[in-house]
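The values are calculated or read from the model by the stated rules, or taken from the named source; none is laboratory data. As the structure is a prediction and not an experimental result, all values here were calculated from the model. Note: ideal-geometry Cβ built from the backbone for every residue, glycine included; neighbour counts use all protein chains shown.
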Amino acid sequence: MTHFLDIHTTSAEDLRRMINSAHAMKAARNGRPKGTPDDDQPLKGRMVALIFEKPSTRTRVSFDVGVRQMGGETMVLSGKEMQLGHGETIADTARVLSRYVDLIMIRTFEEATLQEMAEYATVPVINGLTNRTHPCQIMADVMTYEEHRGPIAGKKVVWCGDGNNVCASFLHAAGQFGFDFTFTGPQTLDPEADWLGFARSKGVSVQVERDPAKAMAGADLVVTDTWVSMHDPESAKERRHNQLRAYQVNEALMAQAKPDALFMHCLPAHRNDEVTSAVMDGPNSVVFDEAENRLHAQKAVMRWCLGL
Ligand code: CP
């Protein structure tokens with residue numbers, strides 16, 4: 001069974017194949033209307049379940065549109081409305097869904113839920129975000145960087161703010177795609193040591209720098225994310241804002257990076273908290289290309305999972 005659960009558990013060769021496939025599928029659409037099918041219809045006759053235990057705009061719409069463009073059909077399911085949300089085990093849910101559908105994408109809270117779904121499903125499972133990782137997002141981010149600037153290998157990526165689940169997948173990607181990574185943020189929000197260790201184990205430079213201006217020196221790509229993630233309690237909001245205010249990505253901070261450094265944010269953004277509108281709407285920002293590329297990257301992930 002070919003699941004797409006995380007970037008560090010997928011081979012670097014397969015990840016590269018998926019990125020190449022995503023570029024090719026995007027180019028093949030050649031600006032045609034979004035609702036029209038691809039020439040190639042590898043998902044024809046296939047059904048994909050999209051399970052959401054947390055809110056989503058991009059993941060939900062991009063997977064749904066991607067499946068349809070490739071000729072398949074989708075079933076969007078809310079965790080709360082399923083028996084899953086009322087005590088049915090994840091293992092039984094996985095076994096049952098595998099009798100109906102060809103592929104399962106799940107956005108959930110605990111990584112253990114994703115792992116159990118993958119263990120018991122007899123169809124491929126895709127990680128659409130957990131509290132610990134967001135691999136589909138980072139596949140789109142790598143694709144977006146390379147679309148604008150060429151190979152990401154050897155470049156310097158600076159993550160600014162909270163060492164959260166998106167940061168984790170970026171660290172995994174640093175190891176697998178061979179780029180250097182600097183985290184800048186408060187010590188209490190450092191990425192987990194395992195994530196840093198994975199990237200280091202692959203031979204790339206991984207730095208932790210408390211001073212955001214120093215961190216930016218030589219940056220090819222600057223990335224941030226919301227200061228309060230979906231799984232953080234509302235009570236954490238004020239404390240998080242106080243801790244992270246110095247790490248806001250604004251024009252002054254971007255000026256410390258290379259002049260052609262790109263800016264990314266997986267969205268949704270809280271404008272004028274983690275990033276100013278001047279940066280988000282500025283000439284170096286590629287945030288909406290990133291959002292679009294969720295569609296193309298995930299189409300490649302689905303094809304890889306199904307061997308198509
Ligand atoms: N970036 C991202 O995963 O967006 P959604 O939460 O809207 O799916």
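Looking at this structure, is ARG16 closer than 20 Å to ALA121 by Cβ, among the basic types (Lys, Arg) and surrounded by fewer than 17 Cβ atoms within 10 Å (Cβ to Cβ)?
So ARG16 does not fit the description; no.
Please go through (1) part of a helix (DSSP H, G or I); (2) under 26 Å from MET280 (Cα atoms); (3) in contact with a strand residue (DSSP E or B) (Cβ under 7 Å, 6 or more places away or on another chain) for ARG200 and return the number of the only condition it doesn't satisfy.
All conditions are met except number (2).
Looking only at the stretch 97-110, which residues are more than 25 Å from ALA22 (Cβ to Cβ) and surrounded by 15 or more Cβ atoms within 10 Å (Cβ to Cβ)?
LEU97, SER98, PHE109
Please tell me if VAL222 is in a strand (DSSP E or B) and modelled with pLDDT of 95 or more.
Here the answer is yes, as VAL222 does meet what is asked.
Is the stretch 192-212 home to any residue that is under 18 Å from the mean Cα position of the chain (by Cα), within 28 Å of ASN20 (Cβ to Cβ) and not aliphatic (A, V, I, L, M)?
yes
Is it true that LEU43 is more than 16 Å from the ligand (Cβ to nearest atom) and either hydroxyl-bearing (Ser, Thr, Tyr) or in contact with a Gly (Cβ under 7 Å, 6 or more places away or on another chain) (or both)?
Spelling it out, LEU43 is indeed more than 16 Å from the ligand (Cβ to nearest atom) and either hydroxyl-bearing (Ser, Thr, Tyr) or in contact with a Gly (Cβ under 7 Å, 6 or more places away or on another chain) (or both).
Condition (residue is at positive phi and either within 16 Å of the ligand (Cβ to nearest atom) or of a type in the set (A, V, I, L, M, F, W, C) (or both)) applied to the stretch 143-162: is it met by at least one residue?
Yes.
Residues in the stretch 6-16: is at least one within 16 Å of the ligand (Cβ to nearest atom) and at pLDDT 95 or above?
Yes, that holds for at least one residue.
Would you mind stating whether ALA91 is exposed (fewer than 14 other Cβ atoms within 10 Å of the Cβ), out of contact with any Phe, Trp or Tyr (no Cβ under 8 Å at 6 or more places or on another chain) and of a type in the set (A, V, I, L, M, F, W, C)?
So ALA91 does not fit the description; no.
I'd like the full set of residues that are among the hydrophobic types (A, V, I, L, M, F, W, C), buried (at least 21 other Cβ atoms within 10 Å of the Cβ), within 16 Å of the ligand (Cβ to nearest atom) and assigned to a helix (DSSP H, G or I), limited to the stretch 48-85.
PHE63, VAL67
Scan the stretch 165-172 and tell me whether some residue there is out of contact with any helix residue (DSSP H, G or I) (no Cβ under 8 Å at 6 or more places or on another chain), within 16 Å of the ligand (Cβ to nearest atom) and either part of a loop (DSSP other than H, G, I, E, B) or closer than 25 Å to LYS54 by Cα (or both).
yes
So, in the stretch 244-265, exactly how many residues are farther than 9 Å from ALA219 by Cα and basic (Lys, Arg)?
Residues meeting the conditions: 1.
Go over the candidates SER62, SER56, SER98, SER21 one by one and state the one that is hydroxyl-bearing (Ser, Thr, Tyr) and without any contact (Cβ under 8 Å) to a residue 60 or more places away in the chain.
Among SER62, SER56, SER98, SER21, only SER98 is hydroxyl-bearing (Ser, Thr, Tyr) and without any contact (Cβ under 8 Å) to a residue 60 or more places away in the chain.
Name every residue in the stretch 265-284 that is surrounded by 22 or more Cβ atoms within 10 Å (Cβ to Cβ) and not β-branched (Val, Ile, Thr), in order of residue number.
Result: HIS265, CYS266, GLU274.
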